[in-house]
1. Based on alpha-carbon centroids, what's the gap between the stretch 404-445 and the stretch 228-286 in Å, whole number please?
2. Between ILE293 and ILE266, 0.36 nm times their residue separation minus their Cα-Cα distance comes to what?
3. If each of LEU479 and MET128 carries a label point 7 Å out from its Cα toward its Cβ, how far apart are those two points in nm?
4. Is the stretch 363-421 rounded, prolate or oblate when judged by the Cα gyration tensor, a ≥ b ≥ c being the square roots of its eigenvalues, rounded requiring a/c under 1.5 and prolate requiring a/b larger than b/c?
5. Straight-line reach from LYS286: which lysines have a Cα under 28 Å away, not including same-chain ones fewer than 8 places off?
6. Once every DSSP H run of n ≥ 4 in the chain is given -39500 (n - 2.57) and the sum is divided by its residues, what mean residue ellipticity at 222 nm do you get, rounded to the nearest 500 deg cm²/dmol?
7. So, with +1 on the Cβ of K and R and -1 on the Cβ of D and E, and no other charges, what is the size of the charge dipole of the chain about its Cα centre, to the nearest 20 debye?
8. Starting at the first residue of the stretch 336-346, write each ³J(HN,Hα) from the Karplus equation 6.51 cos²θ - 1.76 cosθ + 1.60 with θ = phi - 60°, in whole Hz, x for Gly and Pro.
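We did not get these values from a lab; they are worked out from the coordinates using the rules stated. This structure is a prediction, so every number in the text was calculated from the model and none was measured. Cβ atoms come from the backbone with ideal geometry, glycine included; neighbour counts cover every protein chain shown.
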Amino acid sequence: MKKTAIFLLILFLIPSFVPQILRAEDGDSETRFSIWLGGHYNSWEDYGKKLGEFRHIYDDAYPEASFSLFNRGSNYFLNLNGHYYDNKNIRGDFTARFKNRFEIDVNYILFRRQLQTDLLNDINAREMLADGSPGGKMLTHEDFDPGFDFNYDRHRVESKMEFLIDEKNDIRVTAAHRFWNDSGHEQRVASMHCFSCHLTSQAVEVDRTVNQFNLGIEGKPGPVGVSYNFIYSKFSSDAPAPSIFYDEAKHPVNGGSAEEFDSRVIYAGEDVIYATYPETEKIGNKVRFSSDIGKHRLSGSAFYHRSQNELSDLENQIIAGQYDNLVSDTYGGTLNFSALLNKTMRLLAKTSVSRTKADDIMVELPLWREDRPGGDQDFSFMRYSSLDRLRGDASLEMIMRLNPQTTLSILGGYQGVRRDDYPYKDADDATNRLIGQAKVRYRKGLEYSLGFKYRLEKTYSPFTSYRGLFEASGREEGLSPLEGNTFIFYFQREDLKYQDVTSLPTIEHDLELTGNLNLNSKVSLNANVQLRLDQNNDLDSLEVEHTFFQPSLGFNIMPTMEWVFSGGMRYQILKSRGPVTVAMFDG
């Protein structure tokens with residue numbers, strides 16, 4: 001709350017000193033001030049975690065207040081407003097402008113985000129032998145913080161200043177800063193493999209911060225307007241790194257075979273730091289241009305961004321070259337064209353392309369089952385970045401006014417992604433999406449309006465988890481123990497997996513109907529219906545389907561110029577069909 005109080009105090013102080021000189025020059029000014037006091041009551045009925053993601057999840061009554069202050073003169077205006085919803089949902093905004101030469105905007109938001117908890121209740125099973133006795137293979141879980149309320153508070157401050165340097169050429173300089181901090185607790189789960197199949201859950205502290213600075217200049221010294229923007233962003237975490245004790249490597253029932261089990265794992269019988277955040281630095285450059293060509297307009301941009309993880313500590317493993325930290329580069333551009341074909345028809349064309357390339361690293365692992373019979377397998381591998389990709393988007397939209405009351409727009413689009421090294425080196429896995437959309441809007445003066453939209457998306461090869469599920473029929477058929485062994489080890493069973501897994505659709509239908517009816521100058525009704533259907537039938541052993549249906553109805557009543565009553569209701573149905581994972585022993 002300390003950060004909140006300090007910022008709100010600054011907001012109240014700003015209008016007290018900014019306009020002092022202005023008031024001395026301007027005797028004709030206008031001031032408006034309003035304050036609203038009220039309250040609200042929450043009743044979640046034990047569904048707070050599901051329905052109140054950004055609210056207090058406790059059933060209680062809370063006071064609520066808001067205010068607004070506006071001051072205007074012949075050469076300036078100031079605006080200050082704020083809203084207190086509860087002690088974890090607060091907003092404040094301040095805006096000032098002076099003679100079109102200086103402008104400042106500052107806003108503050110505080111909200112709490114509730115996080116759901118994985119109870120791990122499905123991680124609890126044990127093998128049963130043929131004679132009905134319990135076997136040695138077990139799946140267990142442990143919660144170190146049962147019943148913990150996971151959430152974090154976000155403080156966000158954004159500020160922007162703009163200076164008019166040259167009025168003739170409209171040259172302006174802008175400076176902006178964006179800050180947010182998350183503080184609270186999140187759930188972290190660690191898993192021990194091979195010998196214990198033991199999952200643990202604990203609450204870990206969250207204290208992560210982003211600072212972003214923007215500096216830009218824009219102007220129109222001739223027929224072409226140009227701008228340049230520089231971005232610097234830094235993400236860091238000040239929370240202590242969480243750690244977990246990894247179980248001792250031994251047989252989970254009799255405690256024996258320590259040497260065998262220890263040879264299969266990297267960590268055992270020690271505290272290990274895990275789930276740490278990177279410290280990321282990003283530098284970006286962006287250039288824009290725009291120009292009118294007769295009745296048409298052409299605009300575009302080009303950008304280059306570099307991000308690096310300053311805590312990667314992988315100097316000896318980075319293959320890409322000369323940098324000490326993990327680096328990714330993204331560059332690309334956009335081009336937009338708007339053409340007024342005639343008085344009733346406009347054409348909009350948009351296209352963009354971007355390329356991302358990230359460092360590849362070598363992940364060195366100790367030999368698996370080192371010095372054991374049939375062992376000494378080297379599972380070290382090159383990690384080719386799944387971020388490496390080429391992305392392209394294009395769309396063409398025709399907007400037509402059929403008559404004074406009716407507008408029709410038809411859009412066709414394409415989105416494509418080519419992933420260089422996913423799911424394996426030089427795979428060039430590609431996803432292509434075709435888009436078609438039609439919108440119609442009819443307005444009968446101020447009496448009523450109707451709207452209709454239909455959108456179709458057809459996706460070819462959506463992103464999948466490559467061979468992420470299911471073993472081939474026959475299980476061990478075709479597999480044989482390694483030399484010197486009588487067992488088939490788990491890593492050998494990877495060759496039996498065959499099913500690509502995804503929850504993404506290959507076809508999606510999106511339908512929306514809207515309507516607005518003004519019964520008279522004081523009463524209006526509005527209605528909306530949304531329906532979305534999607535599915536993916538291209539998977540060998542799975543079917544993915546989603547259905548979303550949401551009707552809503554609202555009203556506004558304004559008996560006087562001072563009073564407005566509004567209300568409404570919304571009903572939502574969401575049905576899903578997708579893959580469910582069930583834990584199985586022996587792979």
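1. 39 Å
2. Gain on extension, ILE293 to ILE266, equals 3.2 nm.
3. If labels sit at LEU479 and MET128, their model points lie 2.4 nm apart.
4. Judged from the Cα gyration tensor, the stretch 363-421 comes out prolate (a/c at least 1.5, a/b above b/c).
5. LYS160, LYS168, LYS220, LYS234, LYS295, LYS350, LYS357
6. That comes out to -1500 deg cm²/dmol.
7. Here the chain has a charge dipole of around 4340 debye.
8. Computed from phi, the couplings for the stretch 336-346 are 10, 9, 10, 10, 8, 6, 7, 5, 10, 9, 10 Hz.
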